[in-house]
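Scroll down for the structure; my scribbles are underneath it.
The values are calculated or read from the model by the stated rules, or taken from the named source; none is laboratory data. Predicted model only: the values in this text are computed from it and were never measured. Every residue, glycine as well, gets a Cβ built from its backbone with ideal geometry; the counts of neighbours run over all protein chains shown. Heads up: the accessible areas ignore ligands, DNA and RNA and are worked out on the full protein's heavy atoms, side chains in. Shrake-Rupley method; radii C 1.70, N 1.55, O 1.52, S 1.80 Å.
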Amino acid sequence: MPKTKKKDGVEQIVAKAFAHPLRVQILIILNERVASPNLLSQELDQSLNLVAYHVRVLEKYDCIELVDTKQRRGATEHFYRATRRQFLTDTEWSRMPAALRPGLSGAMLKAVFDDIEEAVKENTFDELEDRHLSRVPMVVDKQAWSDVTALLLGTLDRLLEIQAEASARLANSDESGMLTKVEMLHFKSPQVKDGEVAADAEADSTTAAETD
């Protein structure tokens, strides 16, 4: 259990741990790899003292754990990894104070934009013929909104299953793992202005390979 007072429920703990966008950025990185506050400060372009403070908060709430230490120039460098996924459950998100949500979304979107920018710059984005890129504007009612939300949650669960299956196969083979990124978004857009055609909500998609 997290090292906090017993009265703190899971949602309260998550709210406190995610109460600063920088902590979300740190958690995103530590979900992908092990890093120290020093390495994190360089990657995030933030002061070491500030990053170290937020790392301590994440460790306090058991979002990360210490996995290694190394001696560097007479000091001990601590290396951490994440112990929880960087996304929140629907229940956790619903109980998150509304004032904190834009900052958390901004931190996650920054990671998404950074992923895309890096792949484009390194020419890996279009390297595989069956990569997927789509944009689907829609006009929906409340039922359809809920249906899309449920579909994406189911997709997320299946993605985690696929990752686990791949990890098991890689552990028993000589094949090198391939780093990929799956970014999913679903959000309400500003209402169309008078005179604009709602039929503009047509799919814009590009896939290098089509299936029957």
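All conditions but one from (1) open to solvent by less than 70 Å² (accessible area, probe 1.4 Å); (2) in contact with a helix residue (DSSP H, G or I) (Cβ under 9 Å, 6 or more places away or on another chain); (3) in a helix (DSSP H, G or I) apply to residue 155; the one that does not is (2). Contact map, the stretch 94-105: residues that are within 18 Å of residue 25 (Cα to Cα) paired with residues that are open to solvent by less than 60 Å² (accessible area, probe 1.4 Å) and in a helix (DSSP H, G or I), Cβ distance under 6 Å, separation 6+ or inter-chain. Pairs shown: 96/15; 103/21; 104/24. Could you list, in sequence order, all residues of the stretch 111-148 that are in a loop (DSSP other than H, G, I, E, B), open to solvent by 100 Å² or more (accessible area, probe 1.4 Å) and either basic (Lys, Arg) or touching a residue at least 12 places away in the same chain (Cβ under 8 Å) (or both)? Hits for the stretch 111-148 are 126, 129, 130, 138, 139.
Taking the stretch 43-53 on its own, how many of its residues are open to solvent by 70 Å² or more (accessible area, probe 1.4 Å) and either within 19 Å of residue 71 (Cβ to Cβ) or in contact with an Asp or Glu (Cβ under 6 Å, 6 or more places away or on another chain) (or both)? Don't jump to the end; show me each part of the working.
Taking the stretch 43-53 first, the residues open to solvent by 70 Å² or more (accessible area, probe 1.4 Å) are 43, 45-46, 48-49, 53.
Within this subset, residues satisfying the condition of being either within 19 Å of residue 71 (Cβ to Cβ) or in contact with an Asp or Glu (Cβ under 6 Å, 6 or more places away or on another chain) (or both) are 48.
Of the residues in the stretch 43-53, 1 are open to solvent by 70 Å² or more (accessible area, probe 1.4 Å) and either within 19 Å of residue 71 (Cβ to Cβ) or in contact with an Asp or Glu (Cβ under 6 Å, 6 or more places away or on another chain) (or both).
When you scan the stretch 179-199, do you find a residue that is under 21 Å from residue 33 (Cα atoms), modelled with pLDDT of 90 or more, part of a helix (DSSP H, G or I) and open to solvent by 80 Å² or more (accessible area, probe 1.4 Å), even just one? The answer is no, given that none of the residues of the stretch 179-199 is under 21 Å from residue 33 (Cα atoms), modelled with pLDDT of 90 or more, part of a helix (DSSP H, G or I) and open to solvent by 80 Å² or more (accessible area, probe 1.4 Å). Among residues of the stretch 49-71 that are within 16 Å of residue 19 (Cα to Cα), those with a Cβ under 7 angstrom from a residue that is open to solvent by 60 Å² or more (accessible area, probe 1.4 Å) and of a type in the set (Ser, Thr, Tyr), sequence gap 6+ or separate chain, pair up as 62/83; 63/83; 64/83.
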